[in-house]
Amino acid sequence: MNTETVATTARQNRTIGRDLIGIGAIIAAAAIGYLLFPDNLALLTRIIAIALLVLSLDLVTGYCGVATLGHAALFGSGAYAAGIAAAHYGITDPLLMTLAGILCGAIAGLVCGLIILRAHGLPQLVLSISLIYLFHEFANKASSWTGGSDGLSGISPDPLFGRFEFDLWGQTAYVFGVVLLLAVFILLRFLVRSPFGMLCRGIKEDPLRIMAMGASPKIALIKMYVISGAVAGVGGALNAISTQVVGLDSLSFTQSAESLVMLVLGGTGSLFGALTGTVVFMLFEDYVSAANPFHWLTMVGALLIAVVLFAPKGLYGTAAAFVTGRLEKRT
Amino acid sequence: MQTFFSIAIDAFAYGMVLFVISIGLSITMGLMRVVNLAHGAFAMIGGYIASFAAQDLGLGYAAAVLLAVFGTVVISIPIERLLYRRIYGAPELTQVLMTIGITFCIIGIANYVFGPTLKTVPLPPALQGSADLGFRSIAVHRLFAIVCGLAVAGALWYAIEKTAFGVKLRASVDNAAMAAALGVRTEIIYAVSFAVAVGLAAFGGVLGAELLPVEPYYALRYMVTFLVVVSVGGAGSIPGALLACLVLGGIDTTGRYLMPEFGEFFFYLAVIAIICIFPRGLAGRAR
């Protein structure tokens, strides 16, 4: 065995080790959350649903470099698909509802990807904003299907596997959410390390060079958008199943902007960053808005400015850079 | 015919207000390449100062407008020095995050200081009522907005095309490093154009207070509209911004008159169509 293969196996071992640590950390955080806030599992389930949205945003923004302020369109499509399936078609099995969310999210991802990828820079941002407003107005207008501004109610999912009922305490929903998040996280770890994931990173760095190598950036990005839509759809469906109502706010510009804020807060281009950012932002928002509802927007704004000034790589990115710096110094 | 005429006048006035507010954003975006989501917040500050000056201090309309413009510029100077300086040349995502943060802070502070209610800027008697054009009468305030918009467009055109400052500004927009090497003090150009942009935003905020009511979430609600106008017109282009304002103002107003139940559906549909056909904006240049 020559030194190069030794180095690669060592690196592989280390990344697999990091994956295991990540999975362990998610399970541990979920258990701690359950023990700390047994009365507030609804909030924790919502955090998981939003974490799925932020992970999906990370796929296109962090790994492909597409700036978008309209990502809730994919999340809301998934939520409405799961809700409409339950409320209008009587498909109340939670797994089938999730499947409906995934499918519809992926379709919304395809549509948004085709439109958003036509421009770059500011026009791209504006396209994404226009799309989210278009989806919002459409859902508002199609009130016979979506309930309009009253929200879509009448969603009552069956017990999971026919045994675990979605009760008032939200325990089933919480465990269901944690399992979904773990499954998505493991799949995404494989995805971002696959040759396809590498191709997307390459497109972010230098699309011209990728084209010269014979790959098509556009097709790769649209594929990534569809995958991202599926992930966001899982989050939307989870939200619909756990709250049993879908509101217009799941398709709102505010939701999109907040998810981008959470992503950048945690650190783009890393799945751990997306998770960290969501948890920190949601807990911060919950705590501050309860402690001082008048000032919470100011504090969120100040937090954002502080992150840009002092931790430009995001919380997780800065911490990770610090740790690797220390490790390298020691060796 | 009646409907057509009133739609046309309203659309023209609305487009002009949009133009006055967003032209500053267009210039700073073309010059400094900053995606400034806090521009609407400056327009909101202008509206608040004017409302405060006119209602609580009892100043006249003209004095209130002047105070609003200068007050907003004064407020913006430390923000530019301390915060914006650090994001020039940063990635777009960083700029978006920073300016959203500034917007949130301003909204929170405005909510705290002035409360969540709508504020009005009382119009002087000369601008109330309607003017008779012989075949139709239109609201004087609409006429005033249109005249102000045209005056701003003309003055900017003159300043940018005919004066020495305009030459330096255009040079810095095209190539800031080269302009600096030739002896243009680019930081002064940046500071002056930022101040002008903020001042125009404040002026537009006061001018448009009848059409875009001043309240704390103003900054977030209309920010998107201003960004859309700039991007459809092409950053840094005055004719482009003018055209975009008239087209989008027309579409938005027509949609509201004829199909109010659809809200802004057609506005955003038009925006998507225009950007898909002209990815760099109506008057954008290839880079």
Considering residues of the range A:166-192 that are open to solvent by less than 30 Å² (accessible area, probe 1.4 Å) and among the small types (Gly, Ala, Ser) only, the residue modelled with the highest pLDDT: A:Gly177
Selection count where residues are within 21 Å of the chain's Cα centre (by Cα), of a type in the set (A, V, I, L, M, F, W, C) and either open to solvent by 30 Å² or more (accessible area, probe 1.4 Å) or over 30 Å from B:His141 (Cα atoms) (or both), scope the range B:46-68: 6
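Residues being at negative phi and more than 19 Å from the chain's Cα centre (by Cα): count how many of those fall in the range A:206-245. Let's see the steps before the verdict.
First, the residues of the range A:206-245 that are at negative phi: A:206-213, A:215-243, A:245.
Keeping just the survivors that are more than 19 Å from the chain's Cα centre (by Cα) gives A:206-213, A:215-220, A:245.
Residues that pass the stated criteria total 15.
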Residues located in the range B:242-278, provided they are at pLDDT 85 or above and more than 13 Å from every other protein chain (Cβ to nearest Cβ): B:Leu242, B:Leu243, B:Cys245, B:Leu246, B:Val247, B:Gly249, B:Gly250, B:Thr253, B:Thr254
Flag if A:Thr92 is of a type in the set (Ser, Thr, Tyr) and either open to solvent by less than 10 Å² (accessible area, probe 1.4 Å) or within 14 Å of chain B (Cβ to nearest Cβ) (or both): no
Complete set of residues in the range A:191-204 that are touching a residue at least 24 places away in the same chain (Cβ under 8 Å) and either of a type outside the set (Val, Ile, Thr) or on the phi > 0 side of the Ramachandran plot (or both): A:Leu191, A:Arg193, A:Phe196, A:Gly197, A:Cys200, A:Arg201, A:Lys204
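Filter the range A:283-331 for residues that are outside any helix (DSSP H, G or I), closer than 24 Å to A:Ala29 by Cβ and within 7 Å of chain B (Cβ to nearest Cβ) and give the result. First the steps, then the outcome.
Keep residues of the range A:283-331 that are outside any helix (DSSP H, G or I), which gives A:292-295, A:311-313, A:331.
Cutting the leftovers down to closer than 24 Å to A:Ala29 by Cβ gives us A:311, A:313.
Hits for the range A:283-331: nothing passes.
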Considering residues of the range B:107-151 that are under 21 Å from B:Ile45 (Cα atoms), aliphatic (A, V, I, L, M) and open to solvent by less than 20 Å² (accessible area, probe 1.4 Å) only, the residue nearest to the other protein chains (Cβ to nearest Cβ): B:Ile107
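Could you list, in sequence order, the residues of the range A:130-165 that are touching a Pro at 6+ places or on another chain (Cβ under 8 Å) and either open to solvent by 70 Å² or more (accessible area, probe 1.4 Å) or within 11 Å of another protein chain (Cβ to nearest Cβ) (or both)? Full working, then the answer.
Of the range A:130-165, the ones touching a Pro at 6+ places or on another chain (Cβ under 8 Å) are A:157-158, A:160, A:165.
Result: A:Glu165, single match.
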All positions within the range A:286-331 that are under 25 Å from the mean Cα position of the chain (by Cα) and over 25 Å from B:Ala90 (Cβ atoms): A:Asp286, A:Tyr287, A:Val288, A:Ser289, A:Ala290, A:Trp296
Options B:Val206, B:Val192, B:Val196, B:Val173; residue that is of a type in the set (A, V, I, L, M) and open to solvent by less than 10 Å² (accessible area, probe 1.4 Å): B:Val206
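Go through the residues of the range B:26-34 one by one and say whether even a single one is part of a helix (DSSP H, G or I), over 16 Å from B:Ser193 (Cβ atoms) and out of contact with any Asp or Glu (no Cβ under 9 Å at 6 or more places or on another chain). First the steps, then the outcome.
Taking the range B:26-34 as the starting set, the residues that turn out to be part of a helix (DSSP H, G or I) are B:26-32.
So of that shortlist, the ones also over 16 Å from B:Ser193 (Cβ atoms) come out as none.
No, the conditions are met nowhere in the range B:26-34.
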Residue satisfying condition, being under 23 Å from the mean Cα position of the chain (by Cα) and at pLDDT below 85, within set B:Thr103, B:Thr117, B:Thr72: B:Thr117
Selection within the range B:230-287 - part of a helix (DSSP H, G or I), open to solvent by 10 Å² or more (accessible area, probe 1.4 Å) and closer than 19 Å to B:Leu156 by Cα: B:Ile238, B:Pro239, B:Leu242, B:Leu243, B:Leu246
Hey, B:Tyr217 under 28 Å from B:Val113 (Cβ atoms), away from chain A (no Cβ under 11 Å) and either open to solvent by less than 40 Å² (accessible area, probe 1.4 Å) or modelled with pLDDT under 85 (or both) or not: no
Subset tally (residues that are touching a residue at least 60 places away in the same chain (Cβ under 8 Å), β-branched (Val, Ile, Thr) and open to solvent by 10 Å² or more (accessible area, probe 1.4 Å)) for the range A:255-291: 2
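Kindly check whether there is at least one residue in the range A:216-239 that is within 11 Å of chain B (Cβ to nearest Cβ), part of a helix (DSSP H, G or I) and farther than 20 Å from A:Leu181 by Cβ. Please lay out each step first, then the result.
To start, the set of residues in the range A:216-239 that are within 11 Å of chain B (Cβ to nearest Cβ) comprises none.
So far as the range A:216-239 goes, no, none of its residues is within 11 Å of chain B (Cβ to nearest Cβ), part of a helix (DSSP H, G or I) and farther than 20 Å from A:Leu181 by Cβ.
The values are calculated or read from the model by the stated rules, or taken from the named source; none is laboratory data. These numbers were taken from a predicted model, which means no experiment stands behind them. Glycine gets a Cβ as well: all are built from the backbone with ideal geometry, and neighbour counts include every protein chain shown. For accessibility, only protein heavy atoms count, side chains too; no ligands or nucleic acids. Shrake-Rupley method; radii C 1.70, N 1.55, O 1.52, S 1.80 Å.
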